[in-house]
Amino acid sequence: MSKSLLLVALAVVHILWGGGFIVLKMAQEFFTIEQILLGRVLFASLLYLILWSRIPKPSYQKGDWKMLLLLALCEPFLLFTFETLGLQYTSASQGGMIVACTPMTVAIGAYLVYKEKISRRCMAGILFAVAGVGIVSAFGEANEHGSNPLLGNFFIFCAVLSATCYALTVKHLAARYHFMYLSAIQVFGATILFLPGALMSPMPENLNWQAFGALVYLGLGITFLVYFVINYALTRIKAAHVILFSNLIPVATLALAFLILGETLTPIQYGGAALVLGGMFLAGSPDSVE
């Protein structure tokens, strides 16, 4: 794949990622949390099962199972759990703004764990974004789109921490494990963990193509396609350039949440959103992350 085509693919999958918050809100009208969580990984698991024989096998070392288990627990198990719980109480718009801060929490984690340097520009961007997230959360108002924004945003932030732990774990394993092998282990493990809860949940009463389409979007569009493209891109272009595309997530979420769900933020929350976006562009520019 050429670099220009890969950049287009990155833009598309990050817009899909932003739309995932809207689809997740829609799915909650038809399915229980446990069924949504299983649906998010089941379709991807089936695809990886078909592709399993083609995935390069790793050079396993003693004790790797602990890191692989941590990988599956952090993402997608804990990430999807906290994300789904959060969107029961907060709006898709606010959730998208908070999740978009993941690259910056990863930068902080890499500094603490791997002693990777953080430039002054990146640190300033992090502070702007944290302030913006605080404003978006603190001034969230309960409405039909979110009954308890503060609680929901807390769960979403826990999802961000889970994604951060995942990224740091991948960095430890990536030298010896193919990215598709790691992705397959993630969804296989999460499928096993989500299956008991889904089986014990009552069957949905009113299923339609919209309900099925929502699960397909989350399972194939997000869990499989988005992670596949991003992980592939990390093997072909600089990580700094891949990180830049995360700025599309909150923009896509805000736009789609307004167009599809009719969600809006308060004026002061839009100010907080501007701080988040400004902080991300500041911290995510190549000069600040390389």
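The values are calculated or read from the model by the stated rules, or taken from the named source; none is laboratory data. For clarity, every value in this text was computed on a predicted model and none was experimentally measured. Note that each Cβ is placed from the backbone with ideal geometry, even for glycine, and that neighbours are counted across all protein chains shown. Side chains are part of the model used for accessible areas, which takes the heavy atoms of the whole protein and leaves out ligands, DNA and RNA. Shrake-Rupley method; radii C 1.70, N 1.55, O 1.52, S 1.80 Å.
Here are some notes:
- Rounded, prolate or oblate (a/c below 1.5 giving rounded, otherwise prolate when a/b exceeds b/c) for the stretch 24-157 by Cα gyration tensor: oblate
- Axial C-alpha extent at least 18 Å, average Kyte-Doolittle at least -1.0 - helices from the chain (DSSP): 3-27, 33-51, 120-138, 149-173, 179-200, 267-284
- Cα gyration tensor category, rounded, prolate or oblate, for the stretch 138-214 with a/c compared to 1.5: oblate
- By the beta carbon rule, with partners counted only under 4.7 Å, the chain holds these lone Cys residues: Cys101, Cys122, Cys158.
- When Lys3, Lys115 are compared by accessible area at a 1.4 angstrom probe, the order from most to least is Lys115, Lys3.
- Global geometry of the chain, whether rounded, prolate or oblate, following the gyration tensor of its Cα atoms and the 1.5 cut on a/c: oblate
- Net dipole in debye of the stretch 1-65 [+1 Lys, Arg Cβ; -1 Asp, Glu Cβ; about Cα centre; nearest 20]: 300
- Portion, in percent, of the accessible area of the chain that falls on carbon or sulfur, probe 1.4 Å: 70
- Each of His178, His14, His172 has its accessible area taken with a 1.4 Å probe; listed largest first, they run His172, His178, His14.
- Per-residue [θ]222 nm for the chain (sum of -39500 (n - 2.57) over DSSP H runs n ≥ 4, rounded to 500): -22500 deg cm²/dmol
- Note on exposure: Leu218, Leu193, Leu85, Leu49 ranked by accessible area (1.4 Å probe, complete protein assembly) read Leu49, Leu193, Leu85, Leu218, with the most exposed listed first.
- Projecting the Cα positions of Ser93, Tyr270, His172 onto the charge dipole of the chain (unit charges on Cβ atoms of Lys, Arg, Asp and Glu, taken about the Cα centre) puts His172 furthest along the positive direction.
- The calculated FRET efficiency for Lys117 paired with Leu150, based on their beta-carbon distance and R0 = 35 Å, is about 0.55.
- Counting 0.36 nm for each residue step from Glu205 to Lys62 and taking away their Cα separation leaves a gain of 46.7 nm.
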